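**Student:** Below: one structure in structure tokens.
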Amino acid sequence: MQEKKGYVSFVLHAHLPFIHHPESDDYLEESWLYEAISETYIPLLTNFQKLVDEGVDFRITMSMTPPLLSMLDNKLLQRKYIKYLKKLIELSKKEVIRTAGDKRLNKLSHYYLDRYSNDLHLFKDVFNCDLISQFKHFQDIGVLEIITCGATHGYFPILYVNEKTVRAQIAVGVQTYEKYFGKKPRGIWLPECGYVPEADKYLKEFGIDYIITESHGILYADPTPIYGTFAPIVSPKGVIAFGRDIESSQQVWSSIDGYPGDFNYREFYRDIGYEADYDYIKPYIAHNGVRVHTGIKYYRITGKTDFKDYYNIQWAKDSAERQAGHFLDSRTNQINNLSQYMDTPPIILCPYDAELYGHWWYEGPYWLYILFKKIYYDDCNFKLITPSEYIDKYPNMQVASPCRSSWGANGYSEVWLNPSNDYVHRHLHVAGDRMCELANLYPKAKGLKKKALNQCARELLLAQSSDWLFIITNGTMVDYAKKRIKDHIGRFTKLYYEIKDNNVDKDLIVSTDCGIYYGDSVIVATGGKAQSSLGSNGSGYEILKSLGHKITKLSPALVQLTSSSKYPRQLKGQRVKGNMKILLDGECAVQDFGEILFTDYGLSGIVTMNLSETVSKNFEKDEPKKCHAVIDLASDFSENELLEHINRYGSLEGILGEKISSLLEKQANGDKEKICKYAKNWQLIITGTKGYNFAQITCGGADTKEFRNFESVKVENLYACGEVLDKQFKCGGYNLNFAFWSGICVADSILKKRKQNDKN
């Protein structure tokens, strides 16, 4: 066994800007999160688990930023991600059919179908939609160290014009980490690796032991570090700094020599979202018709040529395994050379954007998996380690002050301060000064003023995100980035003047992407999830749930039923007046009498609608019962009376329509008694409902026990009315009547309260 002469530390920076638009079911920028979950976070978690299951002792560090954590924890975004996956599964199934004539292409289309189906299973059934807990699990068992980042990834070297804004970024970053992981973070990934020496005192104030910096932040430290980036240094204020290793970074990042450029790897830019026939792909791209990435990519990089060969999964794996071996050999040689001249074991720090692994470099998670196995099983001269483990093991280190630095083009602040975005900074600095002014003026603010001050802080932090500046510099999605800055600064400024003028005289503040609104009451009248084309997306449930209200189980109601039986299609458009029962595992669950309409997909009509709630709830279960509809097509007649009619007139025409009568005769092969039996007991297999988009109402909602006169018993001056409440009725205008009546009751309740307050 070879002596361990040094260490390698992988640090992955998992970050996305905070993008959440509850007002839309199909907001383009939200797909950044969904792509990262499918291509980076789930693959990383899957490979971590494989390593643990195989008994491989590995170490890796990840920063998880507050915006990313907040989005991963958002229930609405979780549901949107599931919807996103289902859409991709649907597209993948179509691709399997479309590519049937091309063996290689068809194999890849099956691969994507399996991939997305597995993602859905893992996310929904295994992870229970909770990725944060999955990462926390690996931290708890000791193979992963999670560190924090600035609150909204604000760029410290420029924000430090007002040092209190940097303090706020650090404070919220630490608070958010504690919220999700139950302890303080030991390390912080400086946003954009942007180091400013003056921030050290705040890093120490909030218990941060170490930071991750760009290589030149260490190399140009004062005094010059003896061991360069291969040993951490400690600042005069006591903050330990680890610097990025240039050689290992080059091997992964370089567009010329880096592993991701291997010709066998998947080509990122060739996606069927841009290449498929427009009418075919239109349902799966942006809602405004703009072509976007779908994630289904059939080509490998191949080289700098217009010709692109199909992607070969095995070739890609072979390349990843070969390059994992090369990386291991390179680090072995590097540590052999370094250890000859160092008193302490060298540490090679390998920091990367987490999204490189899987999203940009599709094979990246597999490469990590193979590399970690090789390090564990091969007789190499180094071990994997986290920064925390290293400083606990080797606490003595050189005192030196890292210099101002960042990663990005040219290594300092050029990406975040240049002629394309320099106008933004004066607004950020003014808002930062104003936030400090407000905090000093109202240190003991309570009630509404405190709410307004907190909202000011939120708007400022979101405006400070370095992502908007980066996007403007790169020239992609520029309009969106500019809008986000403008909206956040605009809302901040409006609140600032209203607080200063003591004009925030309402009891409640509602912040939306369209602006901030104030009122002495808030009414949630958003409807349910039914008929999303009319603007109802279920957001009201999330609002009430976030305010402490219980939301009962939801399902589509007053909705058509689907059937696998062929008979409804043959009777499309035919109506009967009869009795219908819903059987679950052969037992009658519910029944009703009235008009039944046959359709090409199954059943509609008033009776069907009234019975659909029971069917919906059944198919919402993990293991639904077998479902049948049993229809009495001639409820005014007995079987004997029907038989008498057939004997007299030759058929059931006159009691039933010609089409239905003829169909029953065919089904019974002309047997008169069977015809009568079918007419009184006609069974159809029910496979489900037409879903929320066709439902008239949503079954379930906010628990009515938690409202008195439609006012919340949990939040004063909060009201709810209409479909968002758990109150449903049969067809006949009753649900509309309830919506109108409950709205009137809310208005009446608010007016009465105002009159009482005026008296007081």
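The values are calculated or read from the model by the stated rules, or taken from the named source; none is laboratory data. Just so it is clear, the model here is predicted, and its values are computed rather than measured. Here the Cβ is made from the backbone with ideal geometry for all residues, glycine too, and neighbour counts use every protein chain on show.
**Student:** Is it the case that some residue within segment 216-228 is part of a helix (DSSP H, G or I), touching a residue at least 60 places away in the same chain (Cβ under 8 Å), farther than 26 Å from F123 by Cα and touching a helix residue (DSSP H, G or I) at 6+ places or on another chain (Cβ under 6 Å)? Please lay out each step first, then the result.
**Tutor:** At the first step, the residues of segment 216-228 found to be part of a helix (DSSP H, G or I) are 216-219, 228.
After this cut, where a residue has to be touching a residue at least 60 places away in the same chain (Cβ under 8 Å) as well, the list is 216-218.
Adding the requirement that they be farther than 26 Å from F123 by Cα leaves 216-218.
Imposing the further condition that a residue be touching a helix residue (DSSP H, G or I) at 6+ places or on another chain (Cβ under 6 Å) reduces the set to 216, 218.
Yes; the residues of segment 216-228 include at least one that is part of a helix (DSSP H, G or I), touching a residue at least 60 places away in the same chain (Cβ under 8 Å), farther than 26 Å from F123 by Cα and touching a helix residue (DSSP H, G or I) at 6+ places or on another chain (Cβ under 6 Å).
**Student:** Still on this structure, please answer the following. Is it the case that some residue within segment 271-282 is surrounded by 21 or more Cβ atoms within 10 Å (Cβ to Cβ), over 17 Å from S406 (Cα atoms) and not assigned by TED's automatic domain parsing to the domain that holds I146? Lay out the reasoning, then the answer.
**Tutor:** Taking segment 271-282 as the starting set, the residues that turn out to be surrounded by 21 or more Cβ atoms within 10 Å (Cβ to Cβ) are 272.
So of that shortlist, the ones also over 17 Å from S406 (Cα atoms) come out as 272.
When the remaining residues are screened for being not assigned by TED's automatic domain parsing to the domain that holds I146, the result is 272.
The answer is yes; a qualifying residue exists.
**Student:** With I89, I82, I60 as the choices, which residue is over 13 Å from the mean Cα position of the chain (by Cα) and either without any contact (Cβ under 8 Å) to a residue 40 or more places away in the chain or not assigned by TED's automatic domain parsing to the domain that holds P185 (or both)? If you could, list the steps in order and put the result at the bottom.
**Tutor:** Working: I82 fails: over 13 Å from the mean Cα position of the chain (by Cα); I60 fails: either without any contact (Cβ under 8 Å) to a residue 40 or more places away in the chain or not assigned by TED's automatic domain parsing to the domain that holds P185 (or both).
It is I89.
**Student:** Given (1) touching a residue at least 40 places away in the same chain (Cβ under 8 Å); (2) in the same structural domain as I188 (by TED's automatic domain parsing); (3) farther than 18 Å from G243 by Cβ, where does I391 come up short, assuming only one miss?
**Tutor:** Evaluating I391 over (1) touching a residue at least 40 places away in the same chain (Cβ under 8 Å); (2) in the same structural domain as I188 (by TED's automatic domain parsing); (3) farther than 18 Å from G243 by Cβ leaves (3) as the failure.
**Student:** A further question on this structure: Go through (1) surrounded by fewer than 14 Cβ atoms within 10 Å (Cβ to Cβ); (2) in contact with a Phe, Trp or Tyr (Cβ under 8 Å, 6 or more places away or on another chain); (3) modelled with pLDDT of 95 or more one by one and return the number of the condition G303 breaks.
**Tutor:** Every condition holds for G303 apart from (3).
Yes/no per residue for (1) assigned by TED's automatic domain parsing to the domain that holds E542; (2) farther than 23 Å from I543 by Cα; (3) modelled with pLDDT under 95:
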residue: K680; (1), (2), (3): no, yes, yes
residue: Q683; (1), (2), (3): no, yes, yes
residue: A702; (1), (2), (3): yes, no, yes
residue: S712; (1), (2), (3): yes, no, yes
residue: E716; (1), (2), (3): yes, no, yes
residue: G722; (1), (2), (3): yes, no, yes
residue: Y734; (1), (2), (3): yes, yes, yes
residue: N737; (1), (2), (3): yes, yes, yes
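**Student:** Looking only at residues in segment 440-458 that are closer than 23 Å to F156 by Cα and in contact (Cβ under 8 Å) with a residue 40 or more places away in the chain, which one is nearest to the chain's Cα centre (by Cα)? If you could, list the steps in order and put the result at the bottom.
**Tutor:** Going residue by residue through segment 440-458, those that are closer than 23 Å to F156 by Cα are 440, 453-458.
Checking the rest, the ones that are also in contact (Cβ under 8 Å) with a residue 40 or more places away in the chain come to 453, 455-458.
Values: L453: 29, Q455: 24, C456: 26, A457: 24, R458: 21 Å.
Filtering first and then ranking leaves R458.
**Student:** Further, regarding this structure: Of these, I226, I211, which one is crowded, with 21+ Cβ neighbours inside 10 Å and either of a type in the set (A, V, I, L, M, F, W, C) or in contact with a His (Cβ under 7 Å, 6 or more places away or on another chain) (or both)?
**Tutor:** Values: I226 fails: crowded, with 21+ Cβ neighbours inside 10 Å.
None of the others qualify; the one that does is I211.
**Student:** Moving to a separate point now. Could you check segment 99-108 and list, in sequence order, the residues that are without any contact (Cβ under 8 Å) to a residue 60 or more places away in the chain and surrounded by fewer than 17 Cβ atoms within 10 Å (Cβ to Cβ)? I'd like the intermediate steps shown before the answer.
**Tutor:** Initially, segment 99-108 is screened for residues without any contact (Cβ under 8 Å) to a residue 60 or more places away in the chain, giving 99-103, 106-107.
The answer is A100, G101, D102, K103, N106, K107.
**Student:** Shifting gears a bit: List pairs: first residue in segment 242-254 and without any contact (Cβ under 8 Å) to a residue 40 or more places away in the chain and in the same structural domain as L371 (by TED's automatic domain parsing), second residue crowded, with 20+ Cβ neighbours inside 10 Å and part of a helix (DSSP H, G or I) anywhere in the structure, Cβ distance under 8 angstrom, at least six positions apart or on different chains.
**Tutor:** Sorted first by the residue in segment 242-254, then by its partner, the pairs are I246/S215; I246/T229.
**Student:** Which of the numbered conditions does S339 fail, given that it passes all the others? Conditions: (1) buried (at least 16 other Cβ atoms within 10 Å of the Cβ); (2) farther than 23 Å from V11 by Cα.
**Tutor:** Condition not satisfied by S339: (2).
**Student:** Could you say which residue among F181, F156 is at negative phi, surrounded by fewer than 24 Cβ atoms within 10 Å (Cβ to Cβ) and touching a strand residue (DSSP E or B) at 6+ places or on another chain (Cβ under 9 Å)?
**Tutor:** Details: F156 fails: surrounded by fewer than 24 Cβ atoms within 10 Å (Cβ to Cβ).
Checking each option against the conditions leaves just F181.
**Student:** Follow-up. Please determine whether any residue of segment 741-754 is basic (K, R), surrounded by 13 or more Cβ atoms within 10 Å (Cβ to Cβ) and closer than 27 Å to N537 by Cβ. If you could, list the steps in order and put the result at the bottom.
**Tutor:** Step one: list which residues in segment 741-754 are basic (K, R), which gives 752-754.
Next, only the ones that are surrounded by 13 or more Cβ atoms within 10 Å (Cβ to Cβ) stay: 753.
From what's left, closer than 27 Å to N537 by Cβ: none.
The answer is no, given that none of the residues of segment 741-754 is basic (K, R), surrounded by 13 or more Cβ atoms within 10 Å (Cβ to Cβ) and closer than 27 Å to N537 by Cβ.
**Student:** Please go through segment 7-40 and pick out each residue that is touching a strand residue (DSSP E or B) at 6+ places or on another chain (Cβ under 8 Å) and closer than 13 Å to Y480 by Cα.
**Tutor:** P17, F18
**Student:** Tally the residues that are modelled with pLDDT of 95 or more and either surrounded by fewer than 20 Cβ atoms within 10 Å (Cβ to Cβ) or more than 16 Å from Y423 (Cα to Cα) (or both), restricting the search to segment 461-481.
**Tutor:** Looking only at that region, the number is 2.
**Student:** While we're looking at this one, here's another question. With the requirement that a residue be in a strand (DSSP E or B) and in contact with a Gly (Cβ under 7 Å, 6 or more places away or on another chain), what does segment 112-162 give you? Before the answer, list the steps.
**Tutor:** First pass over segment 112-162, keeping only residues in a strand (DSSP E or B): 144-149, 154.
Correct list: I147, T148, C149.
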